[in-house]
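Visitor: The following block contains the structure, expressed as structure tokens.
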Amino acid sequence: MKKNGVTEFENKRWKENDQVLVFRHIEALDMIKRGEKVLDIGCGDGLLLGALQKKGVSVSGVDISEEGVKKCCEKGFGASMLDISTEMLPFSDKTFDTVIMLDILEHIYSPETLLKEAIRVSRQSIVISVPNFSSLPARLQVLFGKVPENNRPNKGHIFWFTYPILLKILKQNNLKVEKMSCNTFWEKKFFIGKIMKKLCRWFPTLFALSFVVKANIE
């Protein structure tokens, strides 16, 4: 595979860092059932693959990063290198029960193309997470002349998702939302955390920091 800017960016990320379980991983784990066959697109260092395997899930992964795939293989997971922005998934139709893409779609120019590929190789559902680029903190940062965190170069984000855009792309690809979770700011603070979680559910466009969705293939 010819290395490009994205490859170098991801190689540097996985060479220098390891993942820790955060909101998107925890929610995705809850959405996957024991005994399923799952593909993790953008598997990175294999953190989610390991957690799923412990749950009794059959796992495979693909990632653009040589460093990430190397870490996966060292942990004993089946993972292979693939440039998901230009290459088709090397699997037959309906190979997996569920395909996972956590914080992946915002990193490529044509997320719908990858989504269609994920749908092709899945029998049942898709689990995705994306950050909310129109959250209240992002709007306030713009108001005060700052670049929002999700828009900074070190994030590697290309496509900007909002709540309406996410719902639109799912609907256009005949995906029916089974479950959607969102996280918000101050949600772990005493008392106000309960209020923020309610606001996140009622007004996700403004109060959600990110979304995790399980959508079924119709």
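The values are calculated or read from the model by the stated rules, or taken from the named source; none is laboratory data. Predicted, not measured: the structure shown is a model, and the values here were computed from it. Cβ coordinates were reconstructed from backbone atoms using ideal geometry, including for glycine residues, and neighbour counts include every protein chain displayed.
Visitor: For Gly56, only one of the following conditions fails: (1) farther than 27 Å from Glu218 by Cα; (2) out of contact with any Ser or Thr (no Cβ under 6 Å at 6 or more places or on another chain). What is its number?
Guide: In the conditions (1) farther than 27 Å from Glu218 by Cα; (2) out of contact with any Ser or Thr (no Cβ under 6 Å at 6 or more places or on another chain), Gly56 misses (1) alone.
Visitor: Kindly evaluate Arg123 against the criterion of being surrounded by 14 or more Cβ atoms within 10 Å (Cβ to Cβ) and among the basic types (Lys, Arg).
Guide: Yes.
Visitor: State whether the residues of the range 148-168 include one that is surrounded by 19 or more Cβ atoms within 10 Å (Cβ to Cβ), of a type in the set (A, V, I, L, M) and under 18 Å from the mean Cα position of the chain (by Cα).
Guide: Yes - at least one qualifying residue is present in the range 148-168.
Visitor: Pick from Glu178, Glu187: which is more than 30 Å from Asp97 (Cβ to Cβ), outside any helix (DSSP H, G or I) and of a type in the set (Asp, Glu)?
Guide: Exactly one of Glu178, Glu187 is more than 30 Å from Asp97 (Cβ to Cβ), outside any helix (DSSP H, G or I) and of a type in the set (Asp, Glu), namely Glu187.
Visitor: Shifting gears a bit: Filter the range 83-93 down to the residues that are touching a helix residue (DSSP H, G or I) at 6+ places or on another chain (Cβ under 8 Å) and either closer than 22 Å to Lys33 by Cβ or of a type in the set (A, V, I, L, M) (or both) and list them by number.
Guide: Start the filter on the range 83-93 by keeping residues that are touching a helix residue (DSSP H, G or I) at 6+ places or on another chain (Cβ under 8 Å), which leaves 83-85, 88-89, 93.
Residues satisfying the conditions are Ile84, Met88, Leu89, Asp93.
Visitor: Look through the range 100-120, keep the residues that are of a type in the set (Val, Ile, Thr) and under 21 Å from Arg24 (Cα atoms), and return whichever of them is surrounded by the most Cβ atoms within 10 Å (Cβ to Cβ).
Guide: Checking each candidate, the answer is Ile100.
Visitor: Would you mind listing the strands (runs of 3 or more DSSP E) fully within the range 48-138 where at least 1 residues are at pLDDT 95 or above and among the aromatic types (Phe, Trp, Tyr)?
Guide: In the range 48-138, 96-102 are the strands (runs of 3 or more DSSP E) which contain 1 or more residues that are at pLDDT 95 or above and among the aromatic types (Phe, Trp, Tyr).
Visitor: Given the options Val147, Val212, name the one that is within 27 Å of Glu16 (Cβ to Cβ) and touching a Leu at 6+ places or on another chain (Cβ under 9 Å).
Guide: Val212
Visitor: Another one. Just checking, does the range 161-172 include any residue being in a strand (DSSP E or B), among the basic types (Lys, Arg) and at pLDDT 95 or above?
Guide: Scanning the range 161-172, I find no residue that is in a strand (DSSP E or B), among the basic types (Lys, Arg) and at pLDDT 95 or above, so the answer is no.
Visitor: Just give me the residues in the range 1-45 being part of a loop (DSSP other than H, G, I, E, B) and closer than 17 Å to Val127 by Cβ, in sequence order.
Guide: Once the filter is applied, which keeps residues that are part of a loop (DSSP other than H, G, I, E, B) and closer than 17 Å to Val127 by Cβ, the range 1-45 yields Gln19, Leu21, Val22, Ile32, Lys33, Arg34, Gly35, Glu36, Gly42, Cys43, Gly44.
Visitor: Considering only the range 7-30, state which residues are surrounded by fewer than 20 Cβ atoms within 10 Å (Cβ to Cβ), under 25 Å from Thr95 (Cβ atoms) and hydrophobic (A, V, I, L, M, F, W, C).
Guide: Leu29 - this is the single residue of the range 7-30 that is surrounded by fewer than 20 Cβ atoms within 10 Å (Cβ to Cβ), under 25 Å from Thr95 (Cβ atoms) and hydrophobic (A, V, I, L, M, F, W, C).
Visitor: Right, something else. Quick check on my filter: what residues within the range 146-183 are polar (S, T, N, Q), in contact with an Asp or Glu (Cβ under 7 Å, 6 or more places away or on another chain) and under 17 Å from Thr205 (Cα atoms)?
Guide: Ser181
Visitor: In the range 162-218, which residues are among the basic types (Lys, Arg) and either within 21 Å of Pro148 (Cα to Cα) or free of Cβ contacts under 8 Å to residues at least 24 places away in the same chain (or both)? Spell out the reasoning first.
Guide: Initially, the range 162-218 is screened for residues among the basic types (Lys, Arg), giving 168, 171, 176, 179, 188-189, 194, 197-198, 201, 214.
Selection gives Lys168, Lys171, Lys188, Lys189, Lys194, Lys197, Lys198, Arg201.
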